[in-house]
Amino acid sequence: MSVDLEATLERPVAFADVLNAAREVLSVMLNVSTVPALAVFADREYQQGQRVGQGRRLEPADIMIGVPLTEGAVHFEIDLPATGDGARFMVIDGAAEGWGSGRTAVISPYRTCVGVALATGLALATAQLAGGRYIDEQIGMLSGCHAPDHVIGRTRLLERGDDFTVQCERYLRQFSHLNGWPEDRSIR
């Protein structure tokens, strides 16, 4: 099962702003006061699904997303070092790929509650900042709702919690149609 979340990019945004906004969105969405730090990596190597190369850590202040791409897609990995979870973040330019003119951020979470919550926060923050739509057709947490602020308002946890990983699991368990998916709260 594919579990990508997407955000359309109507205007370019600084990736550092996306990461800061994602932490704010996660704080509101999960009703926590502290969201762990995020780290951005590129050029990681994998063999048979196992990471064999750490890649290089990037400074997000130097990255703009939503700009026209001349050579395929742009790939990053967003890590939560505190939990071992993360998400892959890819920006696709429809014009460069030959299927349209818009740009889209596609976020693929690690299949844990923390990974999916992180990807959701990233997609919502990206859509907010870039004036785009939030698209969750594959997981279907809240079907047919594409306005980031509306999704946050309708799905945010009302019960405050201190443990980020517990709140990530609580967030996903509110969607009973997911039948307890993902099973694991976190990598660690």
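Would you mind getting the accessible area per residue of the chain, heavy atoms of the protein chains only, 1.4 Å probe, in Å²? Provide the component values of the computation, followed by the final result.
Details: 9160 Å² over 188 residues.
Here the residues of the chain average 49 Å² of exposed surface.
Taking the Cα of Asp149, stepping 7 Å toward and past its beta carbon, and measuring to each backbone N in region 117-135: which are under 20 Å?
121-135
Two decimals is fine: what is log10 I(q)/I(0) at q = 0.23, 0.28 Å⁻¹ for region 52-93, from a Debye sum with one equal scatterer on every Cα and no solvent?
For region 52-93, the Cα-only Debye profile gives -0.95, -1.17.
Which FRET efficiency value, to the nearest 0.05, do you get for Gln47 and Leu142 by plugging their Cβ-Cβ distance into 1/(1 + (r/R0)^6) with R0 = 41 Å? Mind dumping the intermediate values first?
On the way: r = 37 Å, r/R0 = 0.89.
E(calc), rounded to 0.05, equals 0.65.
Give a quick list of chymotrypsin sites (Phe, Trp or Tyr not before Pro) in region 99-152 that DSSP marks as loop, anything other than H, G, I, E or B, with at most 14 other Cβ atoms within 10 Å.
Values: sites: Trp99, Tyr110, Tyr134; in loops: Trp99, Tyr110.
Here the chymotrypsin sites (Phe, Trp or Tyr not before Pro) that fit, given the DSSP loop and packing criteria, are Trp99.
Given only helices, namely DSSP H runs of n ≥ 4 each adding -39500 (n - 2.57), what is the per-residue ellipticity at 222 nm of the chain, to the nearest 500 deg cm²/dmol? It would help to have the intermediate numbers written out before the result.
Details: 5 runs with 56 residues, N = 188.
Dividing the helical sum by the residues of the chain leaves -9000 deg cm²/dmol.
Any chance you could give the angle, 0 to 90 degrees and rounded to 10, that helix 164-173 forms with the longest Cα principal axis of the chain?
It works out to around 90 degrees.
Counting pairwise Cα distances across region 1-143, what percent come out greater than 27 angstrom?
Details: 1580 of 10153 pairs.
Counting every Cα pair in region 1-143, those more than 27 Å apart make up 16 percent.
Work out Dmax and Rg for region 99-142 from the C-alpha atoms and quote the Rg first, both in angstrom.
11.1, 33
Based on the inverse mean of 1/r over its pairs of different Cα atoms, what is the Kirkwood hydrodynamic radius of region 15-68, in Å?
Working: mean 1/r = 0.0757 Å⁻¹.
With all distinct Cα pairs of region 15-68 included, I get 13.2 Å.
Rank by packing, highest mean first: peptides 180-188, 152-160, 86-94, 11-19, with packing defined as the count of other Cβ atoms within 10 Å averaged across residues.
Details: 180-188: 14.9, 152-160: 12.4, 86-94: 21.0, 11-19: 18.9.
Going from most to least packed, we get 86-94, 11-19, 180-188, 152-160.
The values are calculated or read from the model by the stated rules, or taken from the named source; none is laboratory data. Since the model is a prediction, treat every value here as computed from it, not as a measurement. Methodologically, a virtual Cβ is constructed for each residue, glycine included, from the backbone with ideal geometry; neighbour enumeration extends over all protein chains shown. To get the accessible areas, we keep the full protein, side chains included, count just its heavy atoms, and leave off ligands, DNA and RNA. Shrake-Rupley method; radii C 1.70, N 1.55, O 1.52, S 1.80 Å.
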